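Data first, discussion second: the structure below is written as structure tokens.
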Amino acid sequence: MEKVKKIKAGDVRTASRLIRNLEDGVKEARSTIKHLFPLTGKAQVVGITGSPGAGKSTLVDGLVEQFRKRGKTVGVLAVDPTSPFTGGAILGDRIRMQRHAEDSGVFVRSLATRGALGGLAKAVGDAIHVMDVMGMDVILVETVGTGQQEVDIINHSHTVLVVLIPGMGDEIQAIKAGIMEIADVFVINKADREGSSKLRREIMAMLDMAPPETFASGWRPPIVRVENAFEPDSFGKSMEELTDTIAKHHEHLVAKDLLGSRIRRKAAVELHEAIRSCVLEPILNHLVAEGEIEGMIQKLMDKKTDPYTLAEEVARRFLKEGV
Amino acid sequence: MYFAAEVLEKSSVLRQKWEDEVRRVIAKNPDQKPDHLWSTVSDLKIKRLYGPEDIKDMDFERDIGYPGQFPFLRGNQVTGYRGKYWTFRMFSGMGDAKTTNARWHLLLKEGQTGLSTAFDFPTLMGYDTDSPKARGECGKCGVAIDTLEDFLTLVDGIPLDRVTTSMTINPPATALWAMYCAAADLKGIPLTKIGGTIQNDMLKEFIAQKTLMCPPEPSVKLISDTVEFGTKYVPKWNTISISGYHIREAGSTAVQELAFTLRDGMEYVEDVIRRKGLDVDSFAPRLSFFFNSHIDFFEEIAKMRAARRIWAKAMRDRYKAKDPRSWWMRFHTQTAGCSLTAQQPYNNVIRTATEALAAVLGGTQSLHTNSLDEVLCLPSDHAVQIALRTQQIIAEETGVANTIDPLAGSYFVEALTNEMEEKAWEYIHKIDEMGGMIAAIEKGFPQLEIADAAYKFQRQIDAGEKIMIGVNKYVSEVQEPIPLVEIDDRVEIEQIERLNAVRRKRDNKAVKRCLEDLKNACKKGENVMPYCIEAVKNLASVQEICDVYREVYGEYRDPGLY
Amino acid sequence: MAERKLRVMVAKPGLDGHDRGARVLARCFRDAGFEVIYTGCHQTPEQIAAAAIQEDVDLVGLSCLSGAHRYLFPAVKKQLVERGADDIMVIGGGIIPDQDFQYLYDNGIKAIFTPGATLDSIVEWINNNVKPRE
Ligand code: B12
Ligand SMILES: Nc1nc2c(ncn2[C@@H]2O[C@H](COP(=O)(O)OP(=O)(O)O)[C@@H](O)[C@H]2O)c(=O)[nH]1
Ligand SMILES: [Mg+2]
């Protein structure tokens, strides 16, 4: 396929168009992914999550610089929220990374959530494949950071950075609420600010309280302090340290043969997603398009039947006949 | 208590009667528009009528007083405009230094009493004309200055010891002020004799104007350097012009302009005290301010009166300044560019006249009036003359300068002044809680408040809820053509030639040494001003100096908050 | 198939910092249901073109009030063409004298909006003239 060839050659135009088509749910894009899939699996994927304004995009910008210095090509997927009222979105993460726009070893792509919960956009998984096939050595994925549980990121990443800033009381609550489980590395951002050692102590205490099997593989999430982004020297040093830590984590995954389990997790999720979009969604779309859904809802309201009976009927009908 | 009890009693009875009458009338003849649309351009609700009740809690001595007395509601100058009108100061700069110098001489000949410099974008952003980033920009928005040679052409024939000059320059302020000081020196005028203003207000750059170079922290450090240098060696210079103008033009409301500007001022005061250990009274009298005068007449007057009172209170009570001159809020005003229209441009003369009148009634010390071609191009000779004449007519024909603060005591104006002060303090306290203005800016707080207001306003214009004549009401099909100023693309080529000639003839070793010294000063945290003066005298360019800052302090890019 | 979304870039080329209009437009486009990529101020034509391609936008909207549009607008278009993206439409706005319109049209700028243009009219123009590409 012509497209696959171009993407393999790193053609940004073709790749960004394909990502666009994947976002828009264009059927033909899916068949391209079929061709790309066997070629994937080379890139190292790093997820970056944390609340809005925590400095994720600024951090990504700093990481891009570091990875470039180390001779790696970098893809960035940055997710911002879609307005539930208008369906529109302003995708602003890229602003922080514009200085890399002209570097042909860097490809930044913004995505809108388009209603997806969990902190990412639906197309992120496939977009990672696209960048992977393009030959991006490292792919950085920035989540929305709406503060809700952004656990999807773990399904797509080899390493997850959880970014926290001092002086936000609710941060630790968020950790308790589940972000904790997904962190491979904690980043204390804007660490020049008051409260950074307190935050550090809190994270340590939290890690200490975790059940012993949590770190059975021998990786206890380190805490990296990142200095003020506006002080080039110290920020640069922090970024070096963070990049080293990411590399160490990757080495750990490889050494302990854990990479496989992360990849497996991604495969499982992708399969679920694919079944949902190839089986469930067409059926639902069909029922909506034919107006059948309305009739079913009416039946439920009239108490003529129940949701399970209807669903079983649908299953009998479609799963045999296909759509 | 401002009113006797019987007055308030009587008023309450009469008010009741009037209100009944109003209800009766509007039942038959409803108002032209619903209640909420009778508001200021900033969306502040205005009542149908104000009376004694609205100002009954004012204390005469505490809140009003006399000119030259705390809290300076009625002005700083005891003689008002009788001793001296406000300074007629037209902001101007275009093309190369020679062209701008000619415009300056024209304006002085026509009765302008102070100068004000508009620089072009490369200069404003600290780039030389031949920087790849500057392509296409030279001279388009102001005068192009690369080195001291250009600067000397700019001030040619200008008596630096007699005319005060304002320079709208921010990140490269140290470099341009150094040129002014060097120019004075070369003309044999001691630094103690020169007077003027550098805008040098970086906080409002992050908030509104976006001429950006270094991060907030070091930017404020450079400003404190100029304050210190001015305090010691150039005592008649205003080293910061704390500006609300840009904040307002970026789309803020009047209250936001008031609050953010004054809070910026407080931030500078705190920084100089903390960093330089100077006594507040040693520098506070040289702080000056710059406000917008927008189209909503009374709101603007109230804003300026409130500004004086807030600043006086802040300086006396918050910073314990003892010298009454530290309590003074002295300010320049510019009429609102964003209130003007490209459509039916002659209408802009009326808008500007109204806004200028508000500034005078608000007690400004200095004024720029926009030209009728504001939305189309830099002002033409003819347009700028009308704008200057507008001020002269207000000063010398209308009689408004006869008496001081003529609107004092108006129920409405006093009530509105109080309301704006109150709302401004709310913002100020909120920013205090965030940890000051730098912290608030890092959070994006003022930027986003302004963006919200700007968007809301644009929607209101689209919906016809706010009116701009010629744009969304009384629209005419025919467009009156007016002569447009065009800056020729040749200016850029010639300017680059001049710059290259300077580079060839100067002592490049000396330049290098000066820049090295400047860099060391930056690293050691020394005051940069003496090094800047030395560098510009050796014909270092604006960019060469700014590159040192960028290298040492880091570059700050627009965070593009939306 | 999910619906096609319009992707629009709002960009500020050159040294100009007049961003009130650009940011108002970014919000307005979001509220019109577009996905908007805003670049922030002080972008070079090269940066804008590269970003537009990486983001696969349908439209680049340039805002310039500094008078440098005669250099900057064509430069952005030229960069796009050089990078094989001549199908990305470019429009512009700001302080643009009437007599420059033709020059800009001749250099590939499809439409120009100046002060007084209503937000609704801009959105309407885009809806009528820009279709997400297949
Ligand atoms: C507000 C303003 C400012 C504010 C800017 C605040 C901000 N953050 O934006 C402040 C006070 C900071 C400012 C400063 C300066 N300004 Co000014 N400013 C204006 C002013 C009065 C209004 C601009 C505005 O925001 N209008 C409101 C917005 C909503 O309208 P708009 O941007 O025009 O956008 C509308 C249309 O043009 C169109 N549009 C615009 N862009 C785009 C893009 C697309 C894709 C589309 C579809 C449509 C579109 O749609 C919008 C809706 O109708 C204009 C004059 C005027 N009245 O237009 C001068 C003006 C633009 N400024 C001018 C100058 C010279 C300057 C300075 C360079 C002065 C100096 N030498 O120091 C500085 C530079 C500052 C900087 N860093 O950029 C000149 C430019 C001259 C020229 N081009 O020939 C003008 C024309 C005034 C003049 N006649 O002298 N300014
Ligand atoms: N003071 C300070 N501000 C920072 C730092 N890092 C980022 N910021 C600012 O914090 C804001 C949010 O940053 P951004 O990277 O967009 O955060 P995100 O929403 O998590 O992606 C921006 O205004 C940044 O300039 C830092 O180290 N110190
Ligand atoms: Mg972000």
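Other protein chain C-beta atoms within 10 Å of residue C-beta, averaged over C:64-70: 6. Applying the Karplus relation 6.51 cos²θ - 1.76 cosθ + 1.60 with θ = phi - 60° to the stretch B:504-519 yields 3J(HN,Hα) values of 6, 8, 6, 8, 5, 5, 4, 4, 4, 5, 4, 5, 5, 4, 4, 4 Hz, where x marks Gly and Pro.
Please compare each pair in B:LYS133/C:LYS12; B:LYS210/B:LYS236; B:LYS140/B:LYS204; B:LYS276/B:LYS430; B:LYS33/B:LYS473 to a cut-off of 19 Å on the Cα-Cα distance and tell me which ones are over it. Mind dumping the intermediate values first?
Values: B:LYS133/C:LYS12 13 Å; B:LYS210/B:LYS236 28 Å; B:LYS140/B:LYS204 23 Å; B:LYS276/B:LYS430 26 Å; B:LYS33/B:LYS473 15 Å.
From B:LYS133/C:LYS12; B:LYS210/B:LYS236; B:LYS140/B:LYS204; B:LYS276/B:LYS430; B:LYS33/B:LYS473, over 19 Å: B:LYS210/B:LYS236; B:LYS140/B:LYS204; B:LYS276/B:LYS430.
Between the amide H of B:SER92 and those of B:SER116, B:THR117, B:ALA118, distances stay under 5 Å, these residues lying 5 or more places away or on another chain, with hydrogens modeled in the peptide plane.
Once you divide the Cα radius of gyration of the stretch A:1-142 by 2.2 N^0.38 Å, the number left is 1.01.
The H on the amide N of A:THR86, modeled in the peptide plane, is under 5 Å from the matching H of no residue at least 5 residues off or on a different chain. Computed 3J(HN,Hα) for the stretch A:59-68, one whole-Hz value per residue from the Karplus formula 6.51 cos²θ - 1.76 cosθ + 1.60 where θ = phi - 60°, is 5, 4, 4, x, 5, 4, 4, 4, 4, 5, glycine and proline marked x.
Once you sort the root eigenvalues of the Cα gyration tensor of the stretch A:41-256 as a ≥ b ≥ c, which label holds: rounded (a/c under 1.5), prolate (a/b larger than b/c) or oblate (the other case)? The partial results should precede the final answer.
On the way: a/c = 1.31, a/b = 1.20, b/c = 1.09.
It is rounded, given that a/c, with a ≥ b ≥ c, falls under 1.5.
May I ask which residue of B:SER224, B:ALA356, B:SER12 lies farthest towards the positive end of the charge dipole of chain B, with charges of +1 (Lys, Arg) and -1 (Asp, Glu) on Cβ and the Cα centre as origin? After comparing all options, I get B:SER224. Distance between the modelled labels on B:TYR233 and B:GLU426, one decimal in nanometres: 4.7 nm (7 Å Cα→Cβ projection). Relative contact order, whole percent, for chain B stands at 18, derived from Cα pairs under 8 Å and 6 or more residues apart.
In peptide C:21-34, what is the residue-averaged number of other protein chain Cβ atoms found within 10 Å of each Cβ? List each step's numbers first, then the result.
Values: counts 3, 2, 11, 9, 3, 8, 9, 5, 4, 11, 8, 3, 7, 5.
Per residue, the average neighbour count from other chains is 6.
Want the number for B:ALA501 to B:GLN16: 0.36 nm per residue separation, take away the alpha-carbon distance, what's left?
Values: separation 485, 0.36 × 485 = 174.60 nm, distance 7.89 nm.
Separation in residues times 0.36 nm, less the Cα-Cα distance, equals 166.7 nm.
The Cα atoms of the stretch B:178-279 give a gyration tensor whose axes a ≥ b ≥ c have a/c of 1.5 or more with a/b greater than b/c, which makes the shape prolate. Placing +1 on each Lys and Arg Cβ and -1 on each Asp and Glu Cβ, with no other charges, gives the stretch A:41-256 a dipole about its Cα centre of roughly 120 debye. When chain A is treated as a Gaussian network with alpha carbon springs shorter than 10 Å, the biggest mean-square fluctuation among A:GLU241, A:GLU281, A:GLU251 belongs to A:GLU281.
Listed peptides C:87-95, B:120-128, B:332-340, A:231-239 appear in the order B:120-128, B:332-340, C:87-95, A:231-239 once ranked by packing, highest mean of other Cβ atoms within 10 Å at the front.
Please work out how much length the chain gains when fully extended from B:LYS322 to B:VAL7, using 0.36 nm per residue of separation minus the C-alpha to C-alpha distance, in nm with one decimal.
Working: separation 315, 0.36 × 315 = 113.40 nm, distance 3.82 nm.
That pair, B:LYS322 and B:VAL7, stretches by 109.6 nm at full extension.
From least to most packed, judged by other beta carbons within 10 angstrom and beginning with the fewest, B:MET167, A:MET209 follow the order A:MET209, B:MET167. Per-residue Karplus couplings for the stretch B:297-302, computed as 6.51 cos²θ - 1.76 cosθ + 1.60 with θ equal to phi - 60°, are listed in order as 3, 6, 4, 5, 4, 4 Hz, Gly and Pro entered as x. The fewest-to-most ranking of B:ARG74, C:ARG7 by surrounding Cβ atoms within 10 Å reads B:ARG74, C:ARG7.
Our Cα-only numbers for the stretch B:69-462 put the radius of gyration and Dmax at 19.7, 58 Å. The C-alpha atoms of the stretch A:270-319 occupy a region whose extents along the principal axes are 38, 20, 16 Å, arranged from largest to smallest. Averaging the Cα positions of each part gives two centres, and for the stretch B:377-444 and the stretch C:1-21 these lie 34 Å apart. Counting only the backbone N, which residues of the stretch C:7-47 are under 15 Å from the spot 7 Å out from the Cα of C:ASP120 toward its beta-carbon? Flagged as within label range: C:32. Rounded if a/c is under 1.5, else prolate if a/b is larger than b/c, else oblate: which is the stretch B:5-61, with a ≥ b ≥ c the root eigenvalues of its Cα gyration tensor? Here the stretch B:5-61 falls in the oblate category. On full extension, the segment bounded by A:VAL279 and A:MET206 gains 22.1 nm, given 0.36 nm per residue less the C-alpha separation. Counting only lysines at least 8 places from C:LYS5 when in the same chain, those with an alpha carbon closer than 16 Å to its own are A:LYS27, A:LYS122, C:LYS131. The Cα center of the stretch A:285-314 and the Cα center of the stretch B:36-114 differ in position by 70 Å. Approximating the spin labels as points 7 Å out from Cα along Cα→Cβ, the A:GLU292-to-B:ARG550 distance works out to 6.4 nm.
For the protein assembly as shown, taking the reciprocal of the average inverse distance between every pair of different Cα atoms yields a Kirkwood hydrodynamic radius of 31.2 Å.
Once both labels are modelled 7 Å past Cα along the beta-carbon direction, what's the B:ASP59-B:ASN520 spacing in nm? If labels sit at B:ASP59 and B:ASN520, their model points lie 5.7 nm apart.
The trypsin sites (Lys or Arg not before Pro) of the stretch B:318-375 meeting both criteria, a DSSP state outside H, G, I, E and B (loop) and at most 16 other C-beta atoms within 10 angstrom of the site's C-beta, are B:LYS320, B:LYS322. Ordering B:SER39, B:SER541, B:SER243 from the fewest to the most neighbouring beta carbons within 10 Å gives B:SER39, B:SER541, B:SER243. Close amide H contacts of A:VAL187 (hydrogens built in the peptide plane, cut-off under 5 Å, sequence separation of 5 or more or a different chain): A:VAL162, A:VAL163, A:LEU164, A:VAL224.
Here, each number is a calculation from the coordinates, and none is a lab measurement. Since the model is a prediction, treat every value here as computed from it, not as a measurement. Every residue, glycine as well, gets a Cβ built from its backbone with ideal geometry; the counts of neighbours run over all protein chains shown.
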